[in-house]
Amino acid sequence: VLSNFMQKEERGGNKKSSLIDTIDFNAPKFQKVPIDTLAKILDYELTEKEWFVTGNVNPIYFSDDFEFQDPDVKLSGIENYARGVNKLFDQNTARAEIISCVASNSNIITVTWRLSGKVNIGPGLAIKPYICYTNFTVNEESCLVCFQEDEFDIPQWDVLLSSLFPFLIGMVTSSPAPPVERQDVPVMPKLPNNNSAGFLDSILGVFQQK
């Protein structure tokens, strides 16, 4: 159901797409940086823009052959991903609060985050807050994200049952994930001197869309 919902996006006729239409998906890709630096950059951007639910991505970090997968959905292309999540989540209530974003090995960045709000299914279903784990696979040559896989800390039946019958939360289904109380404030790291002005301009240009 979610796969069909996310992929049947009608461009130009959906007001929720207006933000996505401002993104330059053909922007030049950024130059290679150490994966620890990329993790800090993504931590900052995701905290600011919450693109796991808004779709307000910065495409300069993603390869042209990017693919996404979670227990319900498979998509190809960063633009399709951005439009899909923007359509799926209620933009007035949905939150993707970043708990951590770290390089877990030489080509994997793991993001831990709390999902909450509503999805645009039927009359609108409330999401019981739960924890998601996003693994970005990074191409070691280009340092671009080529694959994203999302996993959840509760089973799919718990997510669905909690949305349909919220009075079961904490009894039959698990309790909501606690609020995020992050002590550190992500900052954009200083970039290597060999990065071009074009790279800096591309980052700043996308920030101006927020």
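The values are calculated or read from the model by the stated rules, or taken from the named source; none is laboratory data. What you see is a predicted model, and the numbers here were worked out from it, not measured in a lab. Cβ sites come from the backbone with ideal geometry, for glycine too, and all protein chains shown count toward neighbours. Heavy atoms of the whole protein, side chains included, go into the accessibility calculation; ligands, DNA and RNA do not. Shrake-Rupley method; radii C 1.70, N 1.55, O 1.52, S 1.80 Å.
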key: Length gained when the stretch GLU48-SER76 is fully extended (0.36 nm per residue, less Cα-Cα span)   = 7.6 nm
TYR133 - accessible surface, heavy atoms, 1.4 Å probe, Å² rounded to 10 = 80
task = Compute the distance in nm between two label points, each set 7 Å from the Cα along the Cα-to-Cβ direction, one at VAL180 and one at ASP36.
result = 2.3
query = In nm, to one decimal, how far is the modelled label at LEU191 from the one at THR22, with both set 7 Å along Cα→Cβ?
reply = 2.1
task = With only Lys, Arg, Asp and Glu charged, each at its Cβ (+1 for the first two, -1 for the last two), find how big the charge dipole of region 81-131 is about the Cα centre; round to the nearest 20 debye.
result = 120
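Report the calculated FRET efficiency for ALA126 and GLU151 (r = Cβ-Cβ distance, R0 = 30 Å), to the nearest 0.05. Intermediate results must be reported in sequence, preceding the final value.
Values: r = 22 Å, r/R0 = 0.72.
Rounded to the nearest 0.05, the efficiency is 0.90.
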query = What's the FRET efficiency of LEU168 with SER142 using the Cβ-Cβ distance as r and R₀ = 45 Å, to the nearest 0.05?
reply = 0.45
Residue pairs, from the table LYS87/LYS190; LYS49/LYS190; LYS32/LYS87; LYS29/LYS128; LYS87/LYS128, whose Cα atoms sit over 28 Å apart = LYS87/LYS190; LYS32/LYS87; LYS29/LYS128
key: Alpha-carbon centroid distance for the pair region 22-50 / region 108-183, whole angstrom   = 21
